[in-house]
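**Student:** Structure provided below as structure tokens; questions to follow.
Quick note: the coordinates plus some simple rules give every number you see, no bench work behind them. What you are looking at is a predicted structure, and each value in this text was computed from that prediction instead of being measured. Heads up, the Cβs are rebuilt from the backbone with ideal geometry, glycines too, and the neighbour counts pull from every protein chain shown.
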Amino acid sequence: MQKRIQYLDIIKVISIFLVVFCHFVLLAETIPANIFMVACWSGVPMFFMVNGALLFTRPLNLSKHIRKTLLIYIVLVLWKLIYLFSIGALCQVPVANFGKNQILLYLFAFGSLEGIGTGHLWFIEALLAVYILFPLFRIAYDHTHGRKIILFFAAYGILMTNGLTGLQMLLDALCAHGLLGVYSLEGLEILNPFGTYANMLGFFLFGAWLHTAPTLCGSLTRQRLLGLLSSLLGLSGMWAVKTYTSQNPAWDGILLVQGYRHLPVVFLAAGIFLICKDLTIPRPIPQKAITAVAKRTLGIYYLHWIFGWMLVPRLALLFPTFSIWTNLLKTLLLITPALLLTLLLEKIPILRHMVTG
């Protein structure tokens, strides 16, 4: 069994916390709430960075990787089936409302069904896309200049999504102020061979590059300072983007459109990664707790969605007002049962892969 890398476990725990924090939101309309919410856009990119860091430091077993990719797809189909009946029942959406073809497309072709909230599963779809391309990059990585190739395509994937989004926002702002005509960059999508999830492939490759890079700036202290500055730049940038798009500096109950496709999220995710890089956990109890959660983030990710539909509407009725504290409590109340149920399911051989991938 491969030894766990503690700092990657820490990043995974931070990531799953941020992901659950931004689902089923119980927040007041305040500026701190808005800052917390824009920070959550770094959660999924960091998951991809950790995946890249882990996969690129292991030997490539192509047949095993293909089986793993197929397993991810099969597990996704099974969870969509579970959601169809569980969330359908919780939201009072009868399965009979849908035709056979609709259900087949929903289950096997990444489709959706009205009333069955499964938007969060885009993450698994993006992971599948990245896993399909991974062997090509892993083979390139083993050759001369492999790390440079990885860095180039990491930057390319991110710039072709996050960079173009930022540039389009700038052009639109200049147009709105009468300083420029109407310009659309949609035609440049032809230069993006990686499609919808190019930025997630970019984060995946960037995580591998950062993980295998020597300590930046010559010392861990300087590296973490660089990470802190990058995080602050990214967080303030994401808040500025959200403020600009919504014309409101406070949380307005509306998620940032294409939140993963803005440039500041790159600085935020990379900054947190650098702050955590090479961190170790000296005390055994926190170490075991972080490892326990980090090993089960996939199960928590799938299960928290069901617990959210079950618990949050009732939880919301208990509070006269919402705040960051109510959303923190909600996050813990969703992660805890999801973690406990994952612990149980992974002990049942026929169900283990449903929560471990």
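**Student:** Over what distance in Å are the Cα centres of the range 122-177 and the range 73-105 separated?
**Tutor:** Going from one Cα centre to the other spans 32 Å.
**Student:** I would also like to ask the following. Might you report the magnitude of the Cβ-based charge dipole of the range 6-355 about its Cα centre, with Lys and Arg at +1 and Asp and Glu at -1, to the nearest 20 debye?
**Tutor:** With only Lys, Arg, Asp and Glu charged at Cβ, the dipole is about 1220 debye.
**Student:** To continue, here is another question. For the chain, set up a GNM with springs between Cα atoms under 10 Å and report which of HIS65, HIS177, HIS304 has the largest fluctuation.
**Tutor:** Residue with maximal mean-square fluctuation among HIS65, HIS177, HIS304: HIS177.
**Student:** Using the membrane-span-like helix rule (whole DSSP H runs, Cα extent along the own axis of at least 24 Å, mean Kyte-Doolittle hydropathy at least 1.6), which helices of the chain qualify?
**Tutor:** Correct list, ordered by number: 122-141, 324-345.
**Student:** With a 10 Å Cβ neighbour count serving as the proxy for reagent exposure, in which order, fewest first, do TRP325, TRP122, TRP209 appear?
**Tutor:** Ranked by crowding around the Cβ, least crowded first: TRP325, TRP122, TRP209.
**Student:** Can you pick out the pairs among LYS68/LYS288; LYS295/LYS347; LYS288/LYS330 whose Cα atoms lie more than 21 Å from each other?
**Tutor:** LYS68/LYS288; LYS288/LYS330
**Student:** When a/c reaches 1.5 or more, the comparison of a/b and b/c decides; with that in mind, is the chain rounded, prolate or oblate per its Cα gyration tensor?
**Tutor:** Since a/c stays below 1.5, the shape of the chain is classed as rounded.
**Student:** Quick one: grab the alpha carbon gyration tensor of the range 239-357, order the square roots of its eigenvalues as a ≥ b ≥ c, and give me rounded if a/c is under 1.5, else prolate or oblate depending on whether a/b is larger than b/c.
**Tutor:** Since a/c reaches 1.5 but b/c is at least a/b, the shape of the range 239-357 is classed as oblate.
**Student:** How would the range 1-142 be classified by its alpha-carbon gyration tensor: rounded, prolate or oblate, with rounded meaning a/c under 1.5 and the a/b versus b/c comparison settling the rest?
**Tutor:** It comes out oblate by the Cα gyration axes.
**Student:** In a Gaussian network model over the chain where Cα atoms closer than 10 Å are linked, find which of LEU339, LEU303, LEU81 has the largest mean-square fluctuation.
**Tutor:** LEU81
**Student:** For the chain, modelled as a GNM with alpha-carbon contacts under 10 angstrom, which of LEU170, LEU76, LEU333 fluctuates the most?
**Tutor:** The residue that fluctuates most here is LEU170.
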